[in-house]
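Novice: I have a structure I would like to understand better, so I am pasting it below and will then ask my questions one at a time.
The values are calculated or read from the model by the stated rules, or taken from the named source; none is laboratory data. None of the values given here were measured: they were computed from a predicted structure. Cβ placement follows ideal geometry from the backbone for every residue including glycine, while neighbour counts extend to all protein chains displayed.
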Amino acid sequence: MSNTSKDSLKEKLLQLECHFTWSVEKEMFDLDDAKRRLEELIIDGIKYQAMPYNYLAFINCLQDNYGEALEALQKAEEILRKNHEHDFERRSIITYGNYAWVYYYMDQLTDVQTYLDKLERICKLFPNASRHSVMTPEIYGEKGWALLNCTGICYEEAKECFLKALEEDPDDTEWNMGYATVLFRLESFLGTAENLAPSKAIPQLRRVLELDPNDSVAMVLLALKLREVNEVNEGFTLVEKALKISPNRPYVIRYAAKFFRKARVIDKAVK
């Protein structure tokens, strides 16, 4: 294709909803550390595995690891086809957008057009869609997680994304947990509006546990917040339960150790 055709494709790519258009710049965070954390989530066996694979593809592309980027996207697509057989199309919009961008950077422009065509066919299913993009709760939610895993300056936008997702699907555990997580992090920043007001993270984490009583990460986050308001006994109970449910889960172990340190239970923190 000519340079004119390539420029025309890029104009279309910039209209997509995916990691490459969400203002996540590689200068904002440590790419190797982000990749390590995403690979940890995948090994950890989190419920929503297509998301870390999509993000991992983006990071690999930023590092010019195009083969690894495509492998991650293939894995994301495989998971979506397996777990969302009946709504695969709406779930695949981000993955297909990322495919198009990776092929663009590989200069495989015919493949770029192939994925733009796929997205155009999917978007015709939505009355409020543009030619190649549409906002759904799944897209708002995954964008929220992407921004949440980037840098603190993106947390307010991440919060708004989770709220948008919850407007359409208020009982979705995934988006409720995302909203709880971003509230937890914002409240940890001294001087923010969230830090100066009564905690919104506590009731939101309780909401997550209403929807999924075995969410061990929500348990340890809630325990840390309860310690701040001197409800340490309930915090201990939650941490002990979380460790029984997920004794080998890195995120749970780290947050549990943090709780024990802050509660000055040094021997358990060391263990």
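Novice: Among the listed residues 189, 184, which satisfies the condition of being in the same structural domain as residue 225 (by the TED database) and in contact (Cβ under 8 Å) with a residue 40 or more places away in the chain?
Specialist: 184
Novice: Then there's this: Kindly list, by first and then second residue, each pair from a residue in the stretch 157-171 that is surrounded by fewer than 15 Cβ atoms within 10 Å (Cβ to Cβ) to a residue that is polar (S, T, N, Q), limited to pairs with Cβ atoms under 9 Å and residues at least 6 apart or on different chains.
Specialist: 168/136; 170/176
Novice: Here are some conditions: (1) under 16 Å from residue 70 (Cα atoms); (2) buried (at least 21 other Cβ atoms within 10 Å of the Cβ); (3) touching a residue at least 40 places away in the same chain (Cβ under 8 Å). Residue 106 meets all but one. Which one does it not meet?
Specialist: (2)
Novice: Please specify each residue of the stretch 47-65 satisfying the condition of being in contact with a helix residue (DSSP H, G or I) (Cβ under 7 Å, 6 or more places away or on another chain) and either modelled with pLDDT under 85 or exposed (fewer than 15 other Cβ atoms within 10 Å of the Cβ) (or both).
Specialist: Within the stretch 47-65, 48, 49, 63 qualify.
Novice: Report the residue count in the stretch 80-130 for those that are aliphatic (A, V, I, L, M) and out of contact with any Lys or Arg (no Cβ under 9 Å at 6 or more places or on another chain).
Specialist: Within the stretch 80-130, residues that are aliphatic (A, V, I, L, M) and out of contact with any Lys or Arg (no Cβ under 9 Å at 6 or more places or on another chain) number 4.
Novice: Another question about this same structure. Would you confirm, using the coordinates I've provided, whether residue 99 is within 19 Å of the chain's Cα centre (by Cα), buried (at least 21 other Cβ atoms within 10 Å of the Cβ) and either free of Cβ contacts under 8 Å to residues at least 12 places away in the same chain or in a helix (DSSP H, G or I) (or both)?
Specialist: Judged against the criteria, residue 99 is a match.
Novice: Given the options 127, 198, 170, name the one that is modelled with pLDDT of 95 or more and not in a helix (DSSP H, G or I).
Specialist: It is 170.
Novice: Still on this structure, please answer the following. Tell me, please, whether a residue that is under 12 Å from the mean Cα position of the chain (by Cα), outside any helix (DSSP H, G or I) and either surrounded by fewer than 22 Cβ atoms within 10 Å (Cβ to Cβ) or of a type outside the set (Lys, Arg) (or both) can be found in the stretch 133-153.
Specialist: Within the stretch 133-153, one or more residues are under 12 Å from the mean Cα position of the chain (by Cα), outside any helix (DSSP H, G or I) and either surrounded by fewer than 22 Cβ atoms within 10 Å (Cβ to Cβ) or of a type outside the set (Lys, Arg) (or both).
Novice: Could you tell me how many of the residues in the stretch 234-271 are surrounded by fewer than 16 Cβ atoms within 10 Å (Cβ to Cβ), among the polar types (S, T, N, Q) and at pLDDT below 95?
Specialist: Of the residues in that region, 1 qualify.
Novice: For the stretch 220-229, name all the residues that are more than 11 Å from residue 181 (Cα to Cα) and over 19 Å from the mean Cα position of the chain (by Cα).
Specialist: 223, 224, 225, 226, 227, 228, 229
Novice: Quick test for you: out of 85, 68, 77, 138, pick the one residue that is at pLDDT below 95, touching a helix residue (DSSP H, G or I) at 6+ places or on another chain (Cβ under 9 Å) and acidic (Asp, Glu).
Specialist: Within the list 85, 68, 77, 138, the selection yields 138.
Novice: When the residues of the stretch 50-74 are filtered to those that are free of Cβ contacts under 8 Å to residues at least 24 places away in the same chain and in a helix (DSSP H, G or I), which remaining residue is farthest from residue 36 (Cα to Cα)?
Specialist: Here the answer is 74.
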